[in-house]
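Enquirer: Take this structure first; my questions come after.
The values are calculated or read from the model by the stated rules, or taken from the named source; none is laboratory data. Since this is a predicted model, take the numbers as computed values, not measurements. All Cβ positions, glycine included, derive from the backbone under ideal geometry; neighbour counts span all protein chains shown. For accessibility, only protein heavy atoms count, side chains too; no ligands or nucleic acids. Shrake-Rupley method; radii C 1.70, N 1.55, O 1.52, S 1.80 Å.
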Amino acid sequence: MANIEMNDQEPIEINVDNKPNGDKPANIQRRDSYSVPLLALKEIVIFPYTLSPLVIEGEAVIKMLESLISGDRTIALFPEVPHLKEKAIELAEPVIQTFEVDAKSLCTIGVLARIVKLLKFPDGTVRILVRGLKRIRFLKKMNDVAPFIVEVKDIIEEKSENIETIAMARNAIKQFQEIISTSPFYPEELRIAILNIDDNARLADLIADTLHITYMEKLNILALPNLHSRLQFLTILLNRELEVLHVGSKIQSQVSSTLGKTQREYFLREQLRMIKKELGDESKNPDLASIEEKMAKQKLPEKVEATIRKEMERLAMIPQASPEYNVAYTYVDWLVTLPWTVFTEDRINIKESSEILDADHYDLKDVKERILDFLAVLQLKKDKKSPILCFVGPPGVGKTSLGQSIARAMSRKFVRMSLGGIKDEAEIRGHRRTYVGALPGRIIQGLKKAQSANPVFMLDEIDKIGNDFRGDPASALLEVLDPQQNSAFNDHYVELDFDLSSVMFIATANITDTIPPALLDRMEILRLPGYTLMEKKQIASRFLIPKQLKENGLEATQVSMPARTIESIANKYTREAGVRNLERSIGTVFRKIARKIVEKETAPTKKTMLYPKDLHNYLGPQKFFMDEVEIKPVIGSATGMAWTSAGGSILAVEVTDMPGKGNLKLTGSLGDIMKESAETAFSFIKSRQESLGIPASAFTERDFHIHIPDGATPKDGPSAGITILTALVSLLKKRPSKSRTSMTGEITLRGKVMPVGGIKEKVIAALVSGIKTIILPEKNEKDLENVPEEVTKNVKFVFVSDIMETLDIALGLKPVKKSAKPAKKKTAQKTGEKKK
């Protein structure tokens, strides 16, 4: 049972005592013994002459009370005696005896009470108002099933009071009035009520009911056999209460009268703590208890545990209302929740990990091989140290998702941290605790989020880190990404070394140019090139189409997208290295199909076939146009190959001449390196004009103009040198370049053809554009290992090391041999010079 807590619910009054003077105790005739219904009280003691509300639980008890309303409304109230007694003033002789009812120990001394009111509330609870009448003693149970009926007898108290009893009663009145005057918790009306009570027994019960004492102490007062012993025990309790109030006054006098708001809260907390200490009821701080519980669940390093213990001692001394308390508690909570020694078990099965990587990503053989190599080493070493990788590639090629797949393949937790735009060093190392609102850096925050000391930690967009007056985050990462240092990473907030050597850090970047060299040197670079058209078709059919079907509520039986349709979307509606826009375009098509099904333009059971000619209806007009090679040979033109972040493409080079003085003009948004390649080609031709059979007047009477179409697109790099030279020679010799032939390579002034990059992308783009023969530098032959077999079967590759070989293949031009006559003349001239 418990006291009623009033709320906003409107009670339904079942019965009200309408008898005259119904709110006053009735004169009950004393009997030797009689039977009466039993109601057990929990943590509440009701005394005679007191009016108390009770909350009733249990259908059987409620029905019993409703039946009593129509009768004499008397009920026996017996308080429950807890098994573990509260700490209270011990009596010389134990007075509490118990009996068992429904597995509860009840005190044998109780109160006969009368039900004044019974109220039902809308929430289903029933509450009664009872008035204590007199003390009764339990004799025996009349039944063993609730509601219980017990036989009781009245406890008759002697009316005669000796001088000592009267003196104790008057002393109790005096002490209680002093308590009312000192403490703010008692109403002033209580002083008047005490003075108007003539019966000392009733006086003792009223003081016991209103005094702030423990449950067991009230139970002892109820069970004491006579008024003298009750007043004697009550005098002890009143003296203790007065002493507590005097201690409080003493504490208050020691505090300055000019207290601010914070100081006042501190004083009140300190006062409450001192009161509890005087009462011997100093309970433990719940925050400290929760920290102890967390510490028991994990094994912490010695230094960490020692730091936590030291901070907990400080917390115990700081008032909870103080701002410093929150700062200290937050710090300790961070220490105790970090995964200092929590590791997830790695999946060592290489075959299973390989299957997971293949299921999530198409191709990317180099990256997958590196991960599997690491797993193999991990199986042999078992020291939990992880490599530090950096995936470099254009947007949309799957760098971030590859990190998630690696975590899944290794059965580790995955944490992603975006570094784009970070300019504050504290984002990495954390803030010092001297600052308001200080927190650990995002490295430590990520580990707490993962609840593991060996997650896969992805540092996304590491090439986009900035710096300003607040520090350089890239420099802070030097310690994080250094295998020799990160075993003792020290966060400014935590101020304890955390071992990051087991964390597998994976950074991602679009380019490496903006990454500081010292940071770049600490990472193993794995380049993810842009996807070729063939790879995009495979990715779309295996991953993108099933994903977009699911996201748009379609089934595979409702839509069919052939490979040539995917190719048309990739070529005509997207131009990227990755597949993000390709996925968006496929999603756009599927959404329009879903709309047609909803609008009943298309039957749900009908399968929609998507052909390239239908894309205009779904995606609009073609956005991009593929370069196509000239089928008919043209003088002064040659086809090269280019490589961009969006993939490969062919590059047409056009050359024309006009009357002039041998000047060279370059157009087409060319970069400095490409301009230098054109000048190198022009100088080489001028130096070899005799062997090429070109008259000297061609460079003194004519001007030359080299143009590379698509002038709005910036172009740069040395790989077009061989193409520019071939186009110039084609114009000067009036020989057209062979049709369906493209080339790439850097040239030197001595006529050497140097290797270039992007061979895979260039070759695939050339095949798509209709090229049949490709001229490559001899040192690029090794790069064909990365070219798909379906490409190498359909293209003829010619490898050259000299420019003259290129001219022979592309133009069918043989070098002109020098005649003997000019040589003799030159020798004679030299001889004549000697004679002089």
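Enquirer: Measure up LYS686/LYS772; LYS299/LYS399; LYS365/LYS782 against 24 Å on the Cα-Cα distance and list the ones that go over.
Expert: Those over the limit are LYS686/LYS772; LYS299/LYS399.
Enquirer: Of LEU41, SER801, LEU610, whose Cα points farthest to the positive end of the dipole of the chain (charges on the beta-carbon: +1 Lys, Arg; -1 Asp, Glu; origin at the Cα centre)?
Expert: It is SER801, whose Cα lies furthest towards the positive end.
Enquirer: Amide H neighbours of HIS431 under 5 Å, at least 5 residues apart or on other chains, H built in the peptide plane: list them.
Expert: Sorted by chain and number, the residues that satisfy this are LEU439, GLY441, TYR493.
Enquirer: I'd like the distance between the alpha-carbon centres of the range 289-357 and the range 214-256, rounded to an integer number of Å.
Expert: 44 Å
Enquirer: Taking the full set of protein chains and a 1.4 angstrom probe, give the accessible area of ASP710 in square angstrom, rounded to the nearest 10.
Expert: Rounded to the nearest 10, that gives 90 Å².
Enquirer: Using unit Cβ charges (K, R positive; D, E negative) and no other charged atoms, how large, in debye to the nearest 20, is the dipole of the chain about its Cα centre?
Expert: 5580 debye
Enquirer: Placing +1 at every Lys and Arg Cβ and -1 at every Asp and Glu Cβ, with all other atoms neutral, what dipole size does the range 494-605 have around its Cα centre, in debye to the nearest 20?
Expert: Dipole about the Cα centre, nearest 20: 1040 debye.
Enquirer: OK, next. Summing Lys, Arg as +1 and Asp, Glu as -1, what charge do residues with Cβ under 13 Å from the Cβ of LEU245 carry, LEU245 excluded?
Expert: So the surrounding residues net to -2.
Enquirer: Related question: Using a Förster distance of 51 Å, how high is the FRET efficiency between ASN143 and SER418, based on the Cβ-Cβ distance and rounded to 0.05?
Expert: 0.10
Enquirer: Is there a pair in LYS42/LYS153; LYS42/LYS174; LYS537/LYS632 whose C-alpha atoms are over 29 Å apart, and which pairs would that be?
Expert: In this structure, LYS42/LYS174; LYS537/LYS632 exceed 29 Å between Cα atoms.
Enquirer: Evaluate the Kirkwood expression for the hydrodynamic radius of the range 723-780, namely the inverse of the mean inverse distance over all pairs of different C-alpha atoms, and round to one decimal in Å.
Expert: 12.5 Å
Enquirer: Could you calculate the FRET efficiency of ASN794 with ASN326 from 1/(1 + (r/R0)^6), where r is the beta carbon distance between them and R0 is 56 Å, rounded to 0.05?
Expert: 0.20
Enquirer: Now, a different point. For LYS140, which aspartates and glutamates qualify as cross-link partners when the Cα separation must be under 20 Å and same-chain residues fewer than eight apart are set aside?
Expert: Qualifying aspartates and glutamates at Cα under 20 Å: ASP32, GLU80, GLU100, ASP102, GLU151, ASP154.
Enquirer: Moving to a separate point now. Of the labelled options (i) 327; (ii) 224; (iii) 151, which one gives volume of the Cα convex hull per residue in Å³ as computed for this structure?
Expert: (i)
Enquirer: Same structure, new question: Can you work out the PRE-style zone for LYS814? Point 7 Å along Cα to Cβ, and I want the residues of the range 659-691 with backbone N under 17 Å.
Expert: 691
Enquirer: Here's another thing I want to ask about it. Looking at the chain, what % of its DSSP beta bridges pair antiparallel, to the nearest 5?
Expert: 60 percent
Enquirer: Give me a comma-separated list of calculated 3J(HN,Hα) values for the range 545-560, in order, Karplus coefficients 6.51, -1.76, 1.60 applied at θ = phi - 60°, integers in Hz, x for any Gly or Pro.
Expert: In residue order, the calculated couplings are 5, x, 5, 6, 4, 5, 5, 9, x, 10, 10, 5, 7, 9, 9, 9 Hz.
Enquirer: Relative contact order (percent) for the range 477-617, with alpha-carbon contacts under 8 angstrom and 6 or more residues of separation?
Expert: This gives 22 percent for the range 477-617.
Enquirer: Between ASP366 and ALA556, take the C-beta separation as r, use R0 = 45 Å, and let me know the FRET efficiency to the nearest 0.05.
Expert: About 0.90, to the nearest 0.05.
Enquirer: Using θ = phi - 60° and the Karplus curve 6.51 cos²θ - 1.76 cosθ + 1.60, what whole-Hz ³J(HN,Hα) does each residue of the range 395-408 get, with Gly and Pro shown as x?
Expert: x, x, 8, x, 5, 5, 5, 5, x, 5, 5, 5, 4, 5
Enquirer: Ignoring any ligand, DNA or RNA, what whole percent of the accessible area of the range 425-469 comes from carbon and sulfur when the probe is 1.4 angstrom?
Expert: 50 percent
Enquirer: Among ILE194, LEU222, PRO516, whose Cα lies farthest out toward the positive end of the dipole of the chain, if unit charges sit on the beta carbon of Lys, Arg (+1) and Asp, Glu (-1)?
Expert: Of the candidates, PRO516 comes out farthest on the positive side.
Enquirer: Expressed as a rounded percentage, what relative contact order does the chain have, with Cα pairs under 8 Å and six or more residues apart?
Expert: 7 percent
Enquirer: May I pose another question? Calculate one ³J(HN,Hα) per residue across the range 759-769 by plugging θ = phi - 60° into the Karplus curve 6.51 cos²θ - 1.76 cosθ + 1.60, and present them in order as whole Hz with x for glycine and proline.
Expert: Result, ordered by residue: 4, 4, 5, 5, 5, 5, 5, 5, 4, 4, 7 Hz.
Enquirer: Next question, about the same structure. Please work out the Cα center distance from the range 726-757 to the range 574-634, rounded to the nearest Å.
Expert: Comparing the Cα centres of the range 726-757 and the range 574-634, I get a distance of 38 Å.
Enquirer: Report the extension gain between THR713 and LYS63 in nm, rounded to one decimal, defined as 0.36 nm multiplied by the number of residues separating them, less their alpha carbon distance.
Expert: 224.9 nm
Enquirer: Taking the Cα centroid of the range 445-461 and of the range 111-153, what is the distance between the two, rounded to the nearest whole Å?
Expert: Using only Cα atoms, the two centres lie 62 Å from each other.
Enquirer: Still on this model: Would you mind checking which residues have amide H under 5 Å from ILE747's amide H? H placed 1.01 Å from N; only 5 or more apart, or other chain.
Expert: For ILE747, whose amide H was placed from the backbone, the distant partners under 5 Å are GLY721, ILE722, MET754.
Enquirer: Quick one: length gained pulling LYS310 to SER181 fully straight, 0.36 nm per residue minus the C-alpha distance?
Expert: 42.1 nm
Enquirer: I've got another one for you. Between beta-carbons, use under 11 Å as the cut-off and find the net charge around VAL480, counting Lys and Arg +1, Asp and Glu -1.
Expert: 0
Enquirer: Could you pull out the GluC sites (Glu not before Pro) across the range 494-572 that fall in loop regions by DSSP (anything but H, G, I, E, B) with no more than 16 other Cβ atoms inside 10 Å?
Expert: Listed in order of number, the matching sites are GLU495, GLU555.
Enquirer: Return an integer: the convex hull volume of the alpha-carbon atoms of the range 661-785, in Å³ per residue.
Expert: Given the Cα convex hull of the range 661-785, per-residue volume reads 111 Å³.
Enquirer: Got a sec? Charge dipole of the range 90-161, +1 on Cβ for Lys and Arg, -1 for Asp and Glu; which of ILE115, LEU133, PHE99 is way out at the positive end?
Expert: ILE115
Enquirer: A further question on this structure: Could you report the accessible area of TYR34 in Å², rounded to 10, computed with a 1.4 Å probe on the protein chains as they sit in the structure?
Expert: Solvent-accessible area, nearest 10 Å²: 20 Å².
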